[in-house]
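Participant: Mind looking over this structure? Questions follow.
The values are calculated or read from the model by the stated rules, or taken from the named source; none is laboratory data. Just so it is clear, the model here is predicted, and its values are computed rather than measured. Cβ sites come from the backbone with ideal geometry, for glycine too, and all protein chains shown count toward neighbours.
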Amino acid sequence: MLTPDLEPVGTGPAVVILAKAPRPGTVKTRLTPPLTPDEAAALCACLFADTAAVAAQAVPTVIVAHEPASGRLLLEPLVKNAAHWWPQPPGDLGVRQADAFSRGFRQGYSPVLLMGADSPTLPLGSIAAAARTLEAGAADLTVVPAADGGYALLGLRAPSPGLFDAISWSTDRVYAQLIARAGLLGLRVHPLPMGHDVDHFDDLLHLHREMAGSDATRTRAPATWNWLQSYFRR
């Protein structure tokens, strides 16, 4: 079920970040082991803080859709630039994404971009390009595919009911099925260069290698880099 109607409060592009409160035992569970639940929660907090900061540099409005409803208490100290805080509704990832887009458009923002809270090295240029392409009317949907078969960013120019139907979430078929759904709905899709998120330990190793070899990503995501340095120096 989508949230009730909302009054418009903003204009222009916005990024909605889907974030879970960094509570041990509830986040990044596919990284435990080898990480402990406390380590996974600390990593989750760093990834979120840096992802939100990067998004704010690319798009003027950042919104956090949080889970659970009480999770704002743990997330709010990690970010200074959120314009709105929305609790996520119950349901699968498709329901929660549909709700985030619906709320964004009903509050007056367009285009609306959606990101997870674990992509701190996503280039600013990719986020900004996703917004610009949609604002210019050159596409209806922009997407940054992820190496695991999902996506790291999704942007819509206007509401697209049904986009998240019949998607096998948490599989390597998510991106392909999303593109197929977009085609059925007649949406013009503009893919952007591949990005990465952090779900498995191999993803964490990739992130460490990427940041170790790039001054730009280390500068852009300092909390994540500090956590990685501490963990891999043990």
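Participant: Restricting to the range 7-61, name every residue that is at pLDDT 95 or above and at positive phi.
Facilitator: Matches in the range 7-61: Gly25, Lys28.
Participant: Of all the strands (runs of 3 or more DSSP E) wholly in the range 1-105, which have at least 3 residues that are among the aliphatic types (A, V, I, L, M) and touching a helix residue (DSSP H, G or I) at 6+ places or on another chain (Cβ under 8 Å)? Explain how you work it out, then say what you get.
Facilitator: Numbers: elements: 14-20, 61-67, 82-87.
In the range 1-105, 14-20, 61-67 are the strands (runs of 3 or more DSSP E) which contain 3 or more residues that are among the aliphatic types (A, V, I, L, M) and touching a helix residue (DSSP H, G or I) at 6+ places or on another chain (Cβ under 8 Å).
Participant: Have a look at Ala42, Ala83 and point out the one that is touching a residue at least 24 places away in the same chain (Cβ under 8 Å), surrounded by fewer than 22 Cβ atoms within 10 Å (Cβ to Cβ) and either closer than 24 Å to Phe201 by Cβ or among the basic types (Lys, Arg) (or both).
Facilitator: Numbers: Ala83 fails: either closer than 24 Å to Phe201 by Cβ or among the basic types (Lys, Arg) (or both).
After applying the criteria, what remains is Ala42.
Participant: Tell me which residues, restricted to the range 192-205, are within 16 Å of the chain's Cα centre (by Cα) and surrounded by 14 or more Cβ atoms within 10 Å (Cβ to Cβ).
Facilitator: Leu192, Gly195, His196, Asp197, Val198, Asp199, Asp203
Participant: Go through (1) exposed (fewer than 13 other Cβ atoms within 10 Å of the Cβ); (2) on the phi > 0 side of the Ramachandran plot and name the single condition Gly149 misses.
Facilitator: Result: Gly149 passes all but (1).
Participant: Also: If I filter the range 55-72 for residues that are within 15 Å of Val198 (Cβ to Cβ), in contact (Cβ under 8 Å) with a residue 60 or more places away in the chain and touching a strand residue (DSSP E or B) at 6+ places or on another chain (Cβ under 9 Å), do I get at least one hit?
Facilitator: Within the range 55-72, none of the residues are within 15 Å of Val198 (Cβ to Cβ), in contact (Cβ under 8 Å) with a residue 60 or more places away in the chain and touching a strand residue (DSSP E or B) at 6+ places or on another chain (Cβ under 9 Å).
Participant: Looking at the range 106-117 only, could you name the residues that are touching a Phe, Trp or Tyr at 6+ places or on another chain (Cβ under 6 Å) and either in a helix (DSSP H, G or I) or over 12 Å from Pro13 (Cα atoms) (or both)?
Facilitator: Listed by number, the list holds a single entry, Ala117.
Participant: Is at least one residue of the range 130-142 in contact with an Asp or Glu (Cβ under 7 Å, 6 or more places away or on another chain), small (Gly, Ala, Ser) and surrounded by 21 or more Cβ atoms within 10 Å (Cβ to Cβ)?
Facilitator: Looking through the range 130-142, none of the residues is in contact with an Asp or Glu (Cβ under 7 Å, 6 or more places away or on another chain), small (Gly, Ala, Ser) and surrounded by 21 or more Cβ atoms within 10 Å (Cβ to Cβ).
Participant: While we're on this one: Are there any pairs with C-beta distances below 9 angstrom linking a residue in the range 171-184 that is free of Cβ contacts under 8 Å to residues at least 24 places away in the same chain and hydroxyl-bearing (Ser, Thr, Tyr) to a residue that is part of a helix (DSSP H, G or I) and crowded, with 17+ Cβ neighbours inside 10 Å, with the two at least 6 apart or on different chains, and if so which?
Facilitator: Between residues of the range 171-184 that are free of Cβ contacts under 8 Å to residues at least 24 places away in the same chain and hydroxyl-bearing (Ser, Thr, Tyr) and residues that are part of a helix (DSSP H, G or I) and crowded, with 17+ Cβ neighbours inside 10 Å, the close pairs are Thr171/Gln177.
Participant: Right, next: Kindly indicate whether any position in the range 157-169 is on the phi > 0 side of the Ramachandran plot and in contact (Cβ under 8 Å) with a residue 12 or more places away in the chain.
Facilitator: Within the range 157-169, the subset on the phi > 0 side of the Ramachandran plot is 162, 166.
Now drop any that are not in contact (Cβ under 8 Å) with a residue 12 or more places away in the chain, which leaves 162, 166.
Scanning the range 157-169, I find at least one residue that is on the phi > 0 side of the Ramachandran plot and in contact (Cβ under 8 Å) with a residue 12 or more places away in the chain, so the answer is yes.
Participant: Something else: As an exercise: evaluate Thr121 against (1) touching a strand residue (DSSP E or B) at 6+ places or on another chain (Cβ under 6 Å); (2) buried (at least 22 other Cβ atoms within 10 Å of the Cβ) and give the number of the one condition it does not meet.
Facilitator: Single failed check for Thr121: (1).
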